[in-house]
Structures are given as C-alpha cells and as structure tokens.
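Novice: There's a structure below that I have some questions on.
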Amino acid sequence: MTEKGLTRLNRAVTSGRIIPYLVALMFLIMGAGALVVEVLSPNSFQSLGDALWWSATTVTTIGYGDVVPATSGGRVIAVFVMFASVATVSFTTAVVTATFVAYNQRRLGQDAVRHQEVLDALERIERRLEALESRR
C-alpha cells in the first residue's frame, strides 16, 4: 500500500468512518456466503433463511451449530466463509484497537511534553541549589 493510501486509511480509522464499511463488508460476506451455498450446494439447507442464519452466525464467529451445511460442497463453501469472516472480524477488532491506541498516544503525547518541561525545570532548580551550596 502506498504512503498516501496508508494516510487515508489512518484518517478513516481515527475518525471512525471505516466502521460502517467494515459492517457492510460483513453483511456482504454473509449474503454472498448464503447465496453461494444455496446455488452451488442446494441441498445443504432447507431454505434460504436457514442459509442466511448459518452464514450470519458463521460470519460473526458465533456459530451455534444448530444449522450446518449437509453436503460436502456446502462445507467447502463454509470454510471460505469462515476464513473470510475471521479475517474481517479480526480486521475490525484491529481497527477499533488502533483507534483507541492512537487516541491515547495523542493524549499522552501532550502529557509527555508537559512532563519533560517539569523535569527540565527540576533540573534547573537542582543546578541552582548545587551552585548555592558550593558558594558556602
């Protein structure tokens, strides 16, 4: 990814604008997974609703196990949905974590400047005290 792309991604993360896109991506994976399993392995689920329920629980990594693909083809598709959903959920978690870390770094960065100013002032005071003590 280019520097410009990373900058844009960082702005989207820190502003929170990326969250709706990640949620939309999860919905897209869920819908695509349900449709693909229904088309390529029509006997895996009793209805499209069951396929959507299975896909939603799989994408969110809940996976109750109450609805599962019945055919080998459906299970192969399930593996791809699982990998895509784990990656998406992990990325979403990373984005939220990065946002909090960036916020705290900005907040603590300002504190660090103030702490350094206090340490510098204390060092000047120590030097003056040592100079006064050496005059005695």
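The values are calculated or read from the model by the stated rules, or taken from the named source; none is laboratory data. Not measured: the values here are computed from a predicted model. Cβ sites come from the backbone with ideal geometry, for glycine too, and all protein chains shown count toward neighbours. When the accessible area is computed, the model is the full protein with side chains, heavy atoms only, and any ligands, DNA or RNA have been set aside. Shrake-Rupley method; radii C 1.70, N 1.55, O 1.52, S 1.80 Å.
Novice: Would you point out the residue of segment 11-49, among those that are without any contact (Cβ under 8 Å) to a residue 12 or more places away in the chain and farther than 30 Å from THR71 by Cα, that is most open to solvent (accessible area, probe 1.4 Å)?
Specialist: Restricting to residues being without any contact (Cβ under 8 Å) to a residue 12 or more places away in the chain and farther than 30 Å from THR71 by Cα, the top hit is TYR21.
Novice: Can you name the number of the only condition in (1) exposed (fewer than 10 other Cβ atoms within 10 Å of the Cβ); (2) within 30 Å of LEU6 (Cα to Cα) that ASN104 fails?
Specialist: (1)
Novice: Please go through segment 65-89 and pick out each residue that is open to solvent by 80 Å² or more (accessible area, probe 1.4 Å) and closer than 27 Å to TYR21 by Cβ.
Specialist: Matches in segment 65-89: PHE80, MET82, PHE83.
Novice: Looking only at segment 50-64, filter to residues that are surrounded by fewer than 21 Cβ atoms within 10 Å (Cβ to Cβ) and aliphatic (A, V, I, L, M); which one of those is farthest from ALA24 (Cα to Cα)?
Specialist: Selected residue: ILE62.
Novice: If you don't mind, another one. Go through (1) part of a helix (DSSP H, G or I); (2) crowded, with 17+ Cβ neighbours inside 10 Å one by one and return the number of the condition ARG124 breaks.
Specialist: Unmet for ARG124, out of (1) part of a helix (DSSP H, G or I); (2) crowded, with 17+ Cβ neighbours inside 10 Å: (2).
Novice: Sticking with this structure for a sec: Which number in (1) at pLDDT 80 or above; (2) surrounded by fewer than 13 Cβ atoms within 10 Å (Cβ to Cβ); (3) closer than 21 Å to THR99 by Cα marks the one condition that THR7 misses?
Specialist: (1)
Novice: Right, something else. Go through (1) part of a loop (DSSP other than H, G, I, E, B); (2) touching a helix residue (DSSP H, G or I) at 6+ places or on another chain (Cβ under 9 Å) for ALA70 and report which single condition fails.
Specialist: Only one criterion is unmet by ALA70, namely (2).
Novice: Which members of segment 110-121 meet the condition of being at pLDDT 85 or above and open to solvent by less than 90 Å² (accessible area, probe 1.4 Å)?
Specialist: Selection gives VAL118, ASP120, ALA121.
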